[in-house]
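Engineer: I'd like to ask you about the structure that follows.
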Amino acid sequence: MKSKVEKVTPVDDDHQVVTVVSSGEGKSRYRREPCPDCPWRRDAVGVFPADAFKVSAKTAYDMADSTFGCHSSGSSKSATCAGFLLKGADHNMSVRLSLIQGRLDLSKVSDGGHELFESYREMAEANGVSPDDPVLAPCRSWRE
């Protein structure tokens, strides 16, 4: 599977959100467990600025075609975040298509014994995004 950096969005002097598009045949790249400072982990709050969560919120919208990437994987060998797959991807069209096409196997993804946020909204709010921010309004929860 080939990956291409589509967009880089700076969020502060030390952080940016990189939008990577993958195409081609083969298995999807995805993490099997959340990384030590995965933003989906409840014990990793504050690692990334609130604006990063605003930029990435669209991955939790209904029928989203972009996924929440693992920051530890980098852009040259991009991979979808394990926390996202476990808690934020149920309504993501890209993930659903990968499942249907057999390019993704969620039975191989685990929380690694870490407590994760239950939704993108909960994660974003814990990291400083205002609950009233309009960017969170379209975010779907796995419970919806």
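Please treat every number below as a calculation from the coordinates, not as lab data. In this text, all values refer to a predicted model and were calculated from it rather than measured experimentally. Please note: Cβ atoms are built from the backbone with ideal geometry, for glycine as well, and neighbour counts cover all protein chains shown.
Engineer: Less than 12 Å Cβ to Cβ from Ala64, Lys/Arg counted +1 and Asp/Glu -1: what total charge do the surrounding residues give?
Structural biologist: Counting the neighbours of Ala64, the net charge comes to 0.
Engineer: Quick one: Karplus J couplings for region 117-133, per residue in order, coefficients 6.51, -1.76, 1.60, θ = phi - 60°, nearest Hz, x for Gly and Pro?
Structural biologist: 5, 7, 7, 4, 4, 4, 5, 5, 5, 5, 9, x, 7, 4, x, 8, 5
Engineer: If you look at just the Cα atoms of region 2-132, how large are its Rg and its Dmax in Å?
Structural biologist: Cα radius of gyration and Dmax of region 2-132 are 13.8, 40 Å respectively.
Engineer: Shifting gears a bit: What three numbers, in Å, describe the spread of the alpha carbons of region 57-144 along their principal axes, ordered from the longest?
Structural biologist: Over region 57-144, Cα extents along the principal axes are 37, 28, 27 Å.
Engineer: Something else now. Determine the alpha carbon to alpha carbon distance for each of Lys7/Lys54; Lys7/Lys108; Lys7/Lys87; Lys87/Lys108; Lys7/Lys77; Lys54/Lys77 and list only those over 18 Å. Walk me through the numbers on the way to the answer.
Structural biologist: Numbers: Lys7/Lys54 15 Å; Lys7/Lys108 29 Å; Lys7/Lys87 25 Å; Lys87/Lys108 14 Å; Lys7/Lys77 16 Å; Lys54/Lys77 24 Å.
From Lys7/Lys54; Lys7/Lys108; Lys7/Lys87; Lys87/Lys108; Lys7/Lys77; Lys54/Lys77, over 18 Å: Lys7/Lys108; Lys7/Lys87; Lys54/Lys77.
Engineer: I've got another one for you. Among Pro131, Val47, His91, whose Cα sits farthest toward the positive end of the charge dipole of the chain (+1 at Cβ of Lys/Arg, -1 at Cβ of Asp/Glu, about the Cα centre)?
Structural biologist: Of the options given, the answer is His91.
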